[in-house]
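Asks: Structure below; questions to follow.
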Amino acid sequence: MTETDILRRGTLAQARAALDEGRTTSEALAEAALAAAADESGEGARAVTAVYREGALAAARAADGLRRAG
């Protein structure tokens with residue numbers, strides 16, 4: 001299951017399992033979410049009013065660092 005699949009059809013439990021098993025990273029999930037928000041053919045244009053890309057990616061990288069540290 002790709003990051004996009006996790007976001008579109010997955011559950012939080014599946015996302016957590018993918019993170020725990022090393023199949024994805026918080027940064028990859030954040031990138032997929034940001035891409036979805038920017039996709040004019042999807043819901044992002046209607047549902048998202050502001051995107052803080054750098055802040056989201058920084059938080060995702062920090063979460064990945066904490067995960068690596070145990």
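The values are calculated or read from the model by the stated rules, or taken from the named source; none is laboratory data. Worth saying up front: this structure is predicted, and the values here are computed from it rather than measured. Neighbour counts run over all protein chains shown; Cβ positions are idealised from the backbone, glycine included. Each accessible area value is taken on the protein alone, full model and side chains, heavy atoms only, with ligands, DNA and RNA left out. Shrake-Rupley method; radii C 1.70, N 1.55, O 1.52, S 1.80 Å.
Asks: Scan the stretch 35-66 for residues that are at pLDDT 95 or above and touching a helix residue (DSSP H, G or I) at 6+ places or on another chain (Cβ under 7 Å) and report the count. Spell out how you get there, then give the answer.
Replies: Looking only at the stretch 35-66, we keep the residues that are at pLDDT 95 or above, and these are 52-66.
Of the ones still in play, those that are also touching a helix residue (DSSP H, G or I) at 6+ places or on another chain (Cβ under 7 Å) are 53, 56-57, 60-61, 63-64.
Within the stretch 35-66, residues that are at pLDDT 95 or above and touching a helix residue (DSSP H, G or I) at 6+ places or on another chain (Cβ under 7 Å) number 7.
Asks: Please go through the stretch 43-70 and pick out each residue that is open to solvent by less than 30 Å² (accessible area, probe 1.4 Å) and closer than 20 Å to residue 6 by Cβ. Please lay out each step first, then the result.
Replies: The initial filter retains those residues of the stretch 43-70 that are open to solvent by less than 30 Å² (accessible area, probe 1.4 Å), namely 44, 57, 60, 64-65.
The answer is 44, 57, 60, 64.
Asks: Count, please, the residues in the stretch 11-42 that happen to be free of Cβ contacts under 8 Å to residues at least 12 places away in the same chain and either in a helix (DSSP H, G or I) or crowded, with 18+ Cβ neighbours inside 10 Å (or both).
Replies: Residues flagged as free of Cβ contacts under 8 Å to residues at least 12 places away in the same chain and either in a helix (DSSP H, G or I) or crowded, with 18+ Cβ neighbours inside 10 Å (or both) within the stretch 11-42 amount to 5.
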